[in-house]
Amino acid sequence: MVPEFGQMALIVALVLAGLQTVIPLVGVQARREWLMAYARPLATGQAVFLMASLLALTYAFVVDDFSVAYVAANSNSQLPTPYKVSAVWGAHEGSLLLWVTMLGWWGLAVAWFSRSLPLDMVARVLSIMGMVSVGFILFTVQTSNPFERHLPTAPMDGADLNPLLQDFGLIVHPPTLYMGYVGLSVVFAFALAALMGGRLDAAWARWSRPWTTAAWIFLTMGIALGSWWAYYELGWGGWWFWDPVENASLMPWLVATALMHSLAVTEKRGLFKSWTVLLAIFAFSLSLLGTFLVRSGVLTSVHAFASDPERGVFILALLGICVCGSLLLYAIKAPTVASVGRYEWVSRESFLLMNNLVLLVSAFAILLGTLYPLVIDFMGLGKLSVGAAWFNTMFVPLSVLLALIIGMGSMSRWKSDGLSRLGNELRWAFLAALVLAVAAPFIANGEWNWQVVMGLGVAFWLVAATLVDLWKKSRGRLKRIPTLGMSYMGMIIAHLGVAVSIIGVTMVSNYSLETSVKIAPGESAVLGNYRFEFAEFGHIEGPNFTSDATRFNVWRDEKLMEVLTAEKRRYNVSGQVMTEAAIDVSLLRDVYISMGEPLADGAWGMRLQVKPYMRWVWLGAIFMCIGGGLAVMDKRYRARQTRKVALSNEAVA
Amino acid sequence: MHPQRKKRLTLILFLLVGVSTGVGLMAYSLTQNINLFQTPTQIAAGEVPVGRTIRAGGLVVDGSVVRDTEGLGVTFKVTDGAASVPIYYDGILPDLFREGQGIVALGQLNEKGVLQASEVLAKHDENYMPPEVQEALEKAHQDGKGNLKAAGNDYEY
């Protein structure tokens with residue numbers, strides 16, 4: 001009964017979404033306020049019914065209702081309850097239900113936190129979000145219904161959740177990433193609503209900024225969680241593979257980052273308006289493209305869990321409608337919202353424009369590398385893949401360039417600035433960064449390494465320039481720092497986060513130690529300062545798996561540092577084998593042990609790794625999220641002040 | 001020309017030159033960094049030159065996995081049902097590597113016709129068949145050369 005209820009709730013939500021698309025828009029056209037006012041309750045209703053639908057599916061998982069085909073395919077009575085819950089989004093149908101439910105939540109949030117917006121704007125925004133909802137709920141109901149029954153021959157027990165997904169990382173990673181993906185629909189709706197209404201002003205930018213930043217925070221966190229999960233769960237110790245599925249999430253992130261920065265210019269200076277709108281369209285289109293790539297089965301990927309070409313066609317159609325429709329609207333309306341205002345070659349506007357270009361070129365490079373194999377395959381020219389080497393060649397120099405720009409950009413003044421002034425302010429920062437970076441590889445292992453110098457150089461430069469800026473703005477008084485505003489502090493912390501991540505990436509890619517050995521109990525393997533002693537071999541019984549386990553004593557400079565137990569699990573139901581790496585985590589390095597296969601005479605193939613500064617890669621992402629959070633909380637986004645400042649801003653423009 | 005327009009024009013020209021250079025470089029660099037997928041049949045027919053990095057894949061032939069007595073080296077054969085190619089790999093194989101499973105290897109052919117793999121990939125899902133492998137199997141099957149049972153596989157399509 002409950003699954004049927006879930007299905008009905010989903011259909012009710014679809015109907016509400018349809019009404020939400022039509023009624024407010026009719027209200028805007030006919031200038032009827034009471035029709036526009038339907039937007040908020042309809043959005044609320046849609047969110048409630050979607051939530052009910054998701055809960056119904058979750059319930060079916062928790063009570064092991066294997067008459068539901070999706071539950072039978074992705075759960076098992078032996079599965080621990082937390083994983084039963086996360087199995088809800090363990091495969092395509094359920095993850096799509098989660099996707100639309102989150103879309104409902106974002107709509108709900110817009111409905112609730114839009115008191116300061118004019119009603120016609122709210123009506124348009126929610127109507128566009130309704131359209132997106134209609135598309136995706138229809139997609140769910142039509143091609144991917146999670147509530148379909150297996151009757152009358154329901155299986156006694158389920159096929160189990162892919163063991164790879166039976167993990168904390170996979171409980172939190174997909175919802176976070178989806179929140180980010182779906183959150184981009186809000187700013188997309190804002191952009192289209194502004195285009196329709198012909199009012200792309202500073203007030204519009206001010207409304208859009210916290211929403212963009214919020215979506216970006218989720219996206220950042222989702223990508224970082226995904227990378228962290230891949231690192232500890234896949235057993236090879238890598239954290240970024242340039243896999244198409246990973247790329248699919250990185251592209252909208254890059255464009256959303258560009259969008260955040262271009263929105264700053266639009267808000268503060270009334271410039272880059274049509275560019276900002278275009279970025280908002282791109283960002284959301286790329287998150288749809290990501291969904292398409294991951295779900296359609298057109299990609300060969302190690303992460304593509306569920307795929308089906310027919311669904312691909314549906315999403316492709318949605319993507320087509322969305323991109324073509326919004327670009328058409330853009331083509332018609334954009335010329336009417338041309339920017340006013342001037343800026344010089346050297347100014348904050350210019351630096352932000354450069355930042356936008358670099359981010360967009362990076363996103364384009366990734367798009368090219370991801371789609372190239374598809375195009376070649378489609379044209380029948382063969383199957384090929386673009387290696388990680390190519391992405392690194394493209395991405396590394398662009399990141400270096402970006403870091404250089406950030407350093408100068410955040411220091412520069414609006415409208416007009418002088419290179420000589422910037423030079424005066426920043427030359428010590430530059431010199432200090434250079435000296436430290438050149439010294440770094442010699443301190444690390446006594447050998448020159450230009451990649452380390454370059455990577456650490458830009459990171460140190462970023463830190464130094466940021467601190468110089470903080471020093472100047474606070475005039476050297478710590479007490480003044482809190483008065484600089486939450487947005488400013490957010491920016492400082494996020495930029496420092498970029499530096500932290502760059503340091504992590506540089507160190508771990510240049511100074512990681514790795515070896516694969518054949519090793520028997522009692523034997524040792526040496527890696528750098530570390531000696532890995534195979535102490536014991538045994539078995540562990542888990543709730544739904546049994547595992548072979550190897551215990552290692554890890555010695556550093558002949559002092560016992562840690563005892564680590566790596567496992568090789570065999571899941572009872574599917575018989576699938578999974579590597580559980582043993583990782584000793586610390587701020588300065590990770591020690592990583594994972595099991596390969598059993599070899600002759602009780603020996604095992606083992607992969608041993610020491611990865612310096614691994615944590616910094618994700619620590620930087622945490623910084624960025626905190627920075628974003630501070631920026632969202634800035635009090636000038638709060639309702640009452642918005643209106644006043646918006647007015648004065650319009651007066652300036 | 002109006003100074004504002006002139007500036008805009010300079011900017012646009014600058015962008016155009018920059019973007020086209022960028023795209024050109026990317027495209028050039030792309031042609032240097034792609035790895036073509038070759039089926040065992042193609043490799044057996046001598047279509048793949050020695051020393052070029054390729055991706056090859058198929059089903060791991062039953063009973064073909066032979067381990068070195070020392071170290072982690074392993075030799076095995078993959079087949080598309082019509083032909084098979086020997087692969088040598090020194091390292092940890094993925095969890096889902098086993099006989100009868102579809103895998104993809106990245107590496108170079110040596111003079112003896114053995115693919116020296118630097119990477120062996122199997123999918124995270126045991127029911128998964130890499131699309132390249134599936135296509136290779138289907139192609140060999142259609143050509144009337146393939147015999148999937150001989151490949152030791154119960155995969156159906």
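The values are calculated or read from the model by the stated rules, or taken from the named source; none is laboratory data. Just so it is clear, the model here is predicted, and its values are computed rather than measured. Heads up, the Cβs are rebuilt from the backbone with ideal geometry, glycines too, and the neighbour counts pull from every protein chain shown. SASA here: full protein model, heavy atoms, side chains in, ligands and nucleic acids out. Shrake-Rupley method; radii C 1.70, N 1.55, O 1.52, S 1.80 Å.
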- [ ] Over the stretch A:513-614, calculate the relative contact order: mean separation of alpha carbon pairs under 8 Å at least 6 apart, over the residue count, as a percent.
- [x] 25
TODO: May I ask you to evaluate 6.51 cos²θ - 1.76 cosθ + 1.60, the Karplus curve with θ = phi - 60°, for each residue of the stretch A:21-33 and list the ³J(HN,Hα) values in order in whole Hz, giving x for glycine and proline?
DONE: 6, 8, 4, x, 5, 4, x, 5, 4, 8, 6, 10, 5
Task: Per residue solvent-accessible surface (Å²) - the stretch A:363-462, probe of 1.4 Å - done: 50
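Give me the net charge for the shell around A:Ile366: Cβ to Cβ below 15 angstrom, other residues only, Lys and Arg +1, Asp and Glu -1.
Residues close to A:Ile366 contribute a combined charge of -2.
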- [ ] Using a 10 Å cut-off on Cβ to Cβ distances, tally the other chain neighbours for every residue of A:577-583 and report the average as a whole number.
- [x] 2
TODO: Pull up all non-local amide H partners of A:Leu527: gap of 5 or more, or a different chain, and H-to-H distance under 5 Å with H placed in the peptide plane.
DONE: A:Phe532
Open item on the list: I want the local charge near A:Glu536. Using Cβ-Cβ distances under 15 Å, sum +1 for each Lys or Arg and -1 for each Asp or Glu among the other residues.
Closed with: -3
- [ ] Per residue of A:392-399, count partner chain C-beta atoms within 10 Å of its C-beta, then hand back the mean as an integer.
- [x] 2
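How much net charge surrounds A:Gly130 when only other residues with a Cβ under 14 Å from its Cβ are counted (Lys, Arg +1; Asp, Glu -1)? Please report the intermediate quantities before stating the final value.
Details: positive: A:Arg40, A:Arg124; negative: none.
With Lys, Arg at +1 and Asp, Glu at -1, the net is +2.
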Task: Label point distance in nm, B:Gln134-A:Ile540, each placed 7 Å from Cα along Cα→Cβ - done: 3.5
- [ ] Determine the residues within the stretch B:78-104 where the difference in accessible area between the chain on its own and the full set of protein chains amounts to at least 40 Å²; count protein heavy atoms only and use a 1.4 Å probe.
- [x] B:Ile92, B:Asp95
Open item on the list: Restricting to DSSP H runs of at least four residues, report the calculated mean residue ellipticity at 222 nm for chain A, -39500 (n - 2.57) per run over all residues, nearest 500 deg cm²/dmol.
Closed with: -22000 deg cm²/dmol
Task: Residues of the stretch B:24-68 buried by at least 20 Å² on assembly (accessible area, 1.4 Å probe, chain alone as reference) - done: B:Met26, B:Ser29, B:Leu30, B:Asn33, B:Ile34, B:Asn35, B:Leu36, B:Phe37, B:Arg55, B:Arg67
Open item on the list: For the pairs A:Lys383/A:Lys568; A:Lys415/A:Lys472; A:Lys273/A:Lys635; A:Lys383/B:Lys77; A:Lys383/A:Lys518; A:Lys518/B:Lys139, flag any whose C-alpha to C-alpha distance is greater than 31 Å.
Closed with: A:Lys383/A:Lys568; A:Lys383/A:Lys518; A:Lys518/B:Lys139
Task: Those aspartates and glutamates that a straight Cα-Cα span of less than 16 Å connects to A:Lys333, excepting residues fewer than 8 apart in one chain - done: A:Asp201
TODO: Report the charge-dipole magnitude of the protein assembly as shown in Debye, nearest 20, computed about the Cα centre from +1 at each Lys and Arg Cβ and -1 at each Asp and Glu Cβ.
DONE: 5380
Open item on the list: Which one, A:Gly18, A:Leu478, A:Ser399, projects farthest toward the positive side of the charge dipole computed for the protein assembly as shown from Cβ point charges (K/R +1, D/E -1)?
Closed with: A:Leu478
Task: Nearest-10 value in Å² for the accessible area of A:Asp243, using the 1.4 Å probe - done: 0
Open item on the list: Skipping prolines and chain starts, which residues have an amide H placed within reach, meaning under 5 Å, of the one on A:Thr546, given they are 5 or more residues away or on another chain?
Closed with: A:Arg570, A:Asn572
TODO: Might you tell me the accessible area per residue for the stretch A:513-614, computed with a 1.4 Å probe and given in Å²?
DONE: 42
Open item on the list: Checking an interface number: how much accessible area is buried between A and B, summed over both chains, with a 1.4 Å probe, in Å² rounded to 100?
Closed with: 3600
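Taking Cα pairs under 8 Å and at least six residues apart, what relative contact order does the stretch A:78-161 come out at, in percent?
41
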Task: Gain on full stretching of the segment that runs from A:Gln451 to A:Met156 - 0.36 nm per residue minus C-alpha separation - done: 100.5 nm
Task: Cut-off of 10 Å, at most 16 other beta carbons, DSSP loop: longest stretch of chain A lacking such chymotrypsin sites (Phe, Trp or Tyr not before Pro) - done: A:114-344
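Let a ≥ b ≥ c be the square roots of the eigenvalues of the Cα gyration tensor of the stretch A:99-227; is it rounded (a/c under 1.5), or, if not, prolate (a/b larger than b/c) or oblate?
oblate
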